[in-house]
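Every read-out reported here was derived from the displayed coordinates using simple, explicitly stated rules and does not represent laboratory data. Quantities reported herein were computed from a predicted structural model and do not represent experimental measurements. Every residue, glycine among them, receives a Cβ derived from its backbone with ideal geometry; neighbour counts consider all protein chains shown.
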Amino acid sequence: MRERIGTSDARHATEREELRGLPAEVTRWLAERRLLDPSGERLSPPERALRHVVSEHRRRLRETVDGLARDARALDDVLSLLTVPRPGTRETVETEFFTDRERTRQRLEELDALSREEFLAMRNTFPGARVLDASLARDLEMAADGIRMRLLTSQQALRSPAPARYLAALAGAGVEVRVAATVPLHMNIMDRAVVVIGVGAGPRGEGGDVILHSGPVAQCFARVFLHAWDLARPHTERPAGTDRPGPDGSGPDRPGSDRSGPELSVLEREVLALLATGAKDDTIARRLDCSDRTLRRVMHQIMAKLGTSSRFEAGVTAARLGLVD
């Protein structure tokens, strides 16, 4: 035991001599990183330096989070200035009118970017697949930003493949979708402050769109929307007498028949819903926040469960089994 103590003392003495011979800037660097003990004569255990690094990194992360929170509050303050109601007993309603539907869509993109809390929409019919695909990307971004979105559509609109895929993708992203026999207007309401209405003669208001910037006016139209919304049904429900065809396509399923198909995970169903919209692999991976490798693995799992050999065949089989709307 005495021999071991003597050896340790000799080693520490040698260590002190070596540390005294180091340049001052090296000694200071070691001390700042807790690699020297407070006396400056012995090296500290590396665990102590590691704890210091972790603690310092944690402190910097907290400061970053606090700074981001302050920035977010400042941005909310700036956005709130854009919709401050005008004082006085009378309100001048700012109105925009477009006869070109493409210009209306461009303006809507600008207004959508300012939405912060709620988006209400009524649709009797929908545009073509190309326009719907572009709209879907923006709508999914809004849903991902935490904006509450509610879309009320007509039964007729669901009979077309492109709108059905569009609505299924929205519902999969958490958007609330309801279906009524008919809806009275082609309309958007943003944050109950801005209303966009198709005022033309066609079912989508072809011939002109009016944008009204007014809280009180938007509140009135929101009441119209909510009245129709309360009378509608969730789009996942099917009206009586519209049972899907059986697996052989000859008629409705027989009572007790199994149409559930293979058990799919939530992620697999989300991938199928996005595939149904025609989205490419990179788009699907970005929307689901997963890697390309993970997406390929999920696709192989889906095809294996459905017994198919291609994406297209998987989509057709999933639709036949009622796994996607």
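In order along region 315-323, the Karplus-derived 3J(HN,Hα) couplings, from 6.51 cos²θ - 1.76 cosθ + 1.60 at θ = phi - 60°, round to x, 5, 5, 4, 5, 5, 7, x, 7 Hz, and Gly and Pro are given as x. Pull out a ≥ b ≥ c, the square roots of the eigenvalues of the alpha-carbon gyration tensor of region 132-222, then state rounded if a/c is under 1.5, prolate if not and a/b is larger than b/c, and oblate in the remaining case. Oblate, because a/c is 1.5 or more while a/b does not exceed b/c. Highest mean first, the peptides 267-274, 310-317 sorted by other C-beta atoms within 10 Å per residue fall in the order 267-274, 310-317. Taking other Cβ atoms within 10 Å as a rough exposure proxy, 29, 229 sort from fewest to most as 29, 229. Shape annotation for region 148-190: C-alpha extents along the principal axes are 27, 25, 13 Å, from largest to smallest.
What separates the Cα centres of region 291-325 and region 131-150 is a distance of 24 Å. Relative to its Kirkwood radius, the Cα radius of gyration of region 266-320 gives an Rg/Rh of 0.92.
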